[in-house]
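S.K.: First, the structure itself, so that you have it in front of you.
Read the figures in this text as sums done on the coordinates, not as results from a lab. Since the structure is predicted, the reported quantities are computational estimates derived from the model, not experimental observations. Every residue, glycine among them, receives a Cβ derived from its backbone with ideal geometry; neighbour counts consider all protein chains shown.
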Amino acid sequence: MTGRGPVHYLDHMQRAASEARLFVRGMDRASFLADDRTQYAVAYSLCAIGAAAAQLLREYPEFGPDHPDLRWNEMQAMSELLLADGVTANVEDVWTTVGHVIPELLTQLESIRRWRAEGE
C-alpha cells in the first residue's frame, strides 16, 4: 500500500468503520457478547482501521498533526491489542468502541474527506 494518497487510507478506514457498524445493527450488548462471529467481524474491522491509520501516518506523517481530532494512537493501540490478546479478552472494549467511538470516527472521516475535496 505505498505511494497512494491519504484519501486511499481514509477510504479504507471509512469502509471498515461502516462495516463494523453494519455488523452490529439491531444488536444489543447481550446479543453481541453471545455472538462470537460478530465479535470477530467487528474486531477485524477495528484492526483494519488501525492498520490503515498506521500506514497513512507512516506515509504522510504530517497528516496526524494536521488532524489532531482523530484518535490516531487509540486506533493503532486497539488494533495491536486485539492482535496480541485476542478478541475475547477485549470484547467489552470492542462493544464500547463500535457503539460509541466508531460513529464519531465516521463523522470525522466524512468531515475530513469533504474538507479535502473542497480544498483540492
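S.K.: What angle do you read, to the nearest 10 degrees and between 0 and 90, between the alpha-carbon axis of helix 102-119 and the longest principal axis of the chain?
M.R.: On a 0 to 90 degree scale, this one is about 20.
S.K.: Still on this model: How do 80-92, 38-50 rank on mean C-beta neighbours within 10 Å, highest first?
M.R.: 38-50, 80-92
S.K.: Applying the Karplus parametrisation 6.51 cos²θ - 1.76 cosθ + 1.60 with θ = phi - 60° to the phi angles of region 24-37, what ³J(HN,Hα) value in whole Hz is obtained for each residue in order, glycine and proline being reported as x?
M.R.: Values, residue by residue: 9, 4, x, 9, 9, 4, 4, 5, 5, 5, 8, 10, 4, 4 Hz.
S.K.: What angle do you read, to the nearest 10 degrees and between 0 and 90, between the alpha-carbon axis of helix 72-85 and the longest principal axis of the chain?
M.R.: 40 degrees
S.K.: Another one. Quick one: compute the contact order of region 6-119, relative version, from alpha carbon pairs under 8 angstrom and 6+ residues apart, as a percent.
M.R.: 34 percent
S.K.: Give the Rg (one decimal place) followed by the Dmax (whole number) of region 6-119, computed from C-alpha coordinates and expressed in Å.
M.R.: According to the Cα coordinates of region 6-119, Rg and Dmax are 14.0, 45 Å.
S.K.: When the chain is modelled as a GNM with alpha-carbon springs shorter than 10 Å, which of Phe32, Phe23, Phe63 fluctuates the most?
M.R.: Of Phe32, Phe23, Phe63, the Gaussian network model singles out Phe63 as fluctuating most.
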